[in-house]
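Derivation of every value follows stated rules applied to the coordinates shown; laboratory data play no part. In this text, all values refer to a predicted model and were calculated from it rather than measured experimentally. Every residue, glycine as well, gets a Cβ built from its backbone with ideal geometry; the counts of neighbours run over all protein chains shown.
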Amino acid sequence: MAGREIYSKRGLRARRTWTAAAIPMAIALIFVGAIIGAIAGVFLGYVSMDGTSDYTWQGLTYTLIGTFAPGAILVFLWVILFERRSLAAIGLNANFLGRFLRGYGLGLGFLAVVVGGIWLLGGYQVEAGGSVALVVLIPAAWVLLGFIVQGSTEEIFMRGWLMGVITSRHGIAWGVVVNSAIFSLLHGANIKMSAELAFGLANILLVGVMLSLYAIKEGSLWGVCGWHAAWNWLLASGFGLPVSGHDSPVSPILIDLADAPDAAWWLTGGVFGPEASAVTTVVLLAGTLYWAFKGKAADYGVEVDAAPAAAAD
């Protein structure tokens, strides 16, 4: 299958990273960025010597920004200095604010439908009401910023750089499948091996496919950055629910929910949170079908032949 450029035209001087190198490189840069942030966090007092973060809203905010932003900076440097491309080539192109806000609204809507569906099926009970006191709003605002950095960084790596590199060489189908599979596997150690983890990873694979199609059809990464940030933030700061198996120290601003005692794990997602729920599967399938049949993929009119066996060309 012929490759294509999904975000911008590839310049004559641009290089493309080898597919075989791009996959391990994406994983390595994510972890190197996290290590850089963790080391800095030790000196700043947000990370202990054993690598665990301070369980406060300040510690969570640092983790979301300090251990993700360095990875984004590393991939930016690679794209600009080695590949000789602009950041528009990985989807960070025009109409930032409008696309980001639209994606953010969609992310809030998707998550609200999921939580509402689980609630209607008897999956949740109320532990406490929400609060809009400053003592709650200030941490929620900082965590919102943190999730914007964290969610956007994951999108930059997966739907931006990795999918773009693979799609350029091998076509859209390979780009979507490979980045989504790696995105899912990166969450494989979030909780211990269990049915909840398996179901959660399947749903994360599905959300990877959906967001890939969203980004491709829009021809931009900004929308999916907003979607990802909104989903994570509303889970933690809106409803007090786990995000991919991780609890938040921040008090929710809407309502504090917990699994009902007799609720099945496949309904609520168990310890992994709603991302391992069958309700989430249904909602994500609907979103995937919508983006699959919505118009045509953004086409910048550049198709490339299979690349020669070299590190880059």
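Key figures
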{"quantity": "Cβ crowding within 10 Å averaged over residues, with 96-109, 239-252 ranked highest first", "calculated": "239-252, 96-109"}
{"quantity": "Peptide ranges 71-77, 133-139 listed from the most packed, as the mean C-beta count within 10 angstrom indicates", "calculated": "71-77, 133-139"}
{"quantity": "About the Cα centre, charge dipole magnitude for the chain (Lys/Arg +1, Asp/Glu -1 at Cβ), debye", "calculated": "1280 debye"}
{"quantity": "Span-like helix ranges in the chain, DSSP H, alpha carbon extent 18 angstrom or more, Kyte mean at least -0.5", "calculated": "19-44, 96-120, 134-155, 172-185, 195-218, 278-293"}
{"quantity": "Binned Cα-Cα distances of the range 1-124, short to long, each 10 Å bin given as a whole percent", "calculated": "11, 25, 28, 27, 9, 1"}
{"quantity": "Ratio of the Cα radius of gyration of the chain to 2.2 N^0.38 Å, where N counts its residues", "calculated": "1.00"}
{"quantity": "Structure-based [θ]222 nm, the chain - -39500 (n - 2.57) summed over DSSP H runs of at least 4, per residue, nearest 500", "calculated": "-18000 deg cm²/dmol"}
{"quantity": "Cα gyration tensor category, rounded, prolate or oblate, for the range 45-105 with a/c compared to 1.5", "calculated": "oblate"}
{"quantity": "Order of F68, F31, F293 - criterion: other Cβ atoms within 10 Å of each residue's Cβ, fewest first", "calculated": "F293, F31, F68"}
{"quantity": "Spin-label pair Y300/A20, simplified geometry with 7 Å Cα→Cβ offset, distance in nm", "calculated": "2.7 nm"}
{"quantity": "Stokes-Einstein D in µm²/s, Kirkwood radius over Cα pairs - the range 56-187 at 37 °C with 0.692 mPa s viscosity", "calculated": "189 µm²/s"}
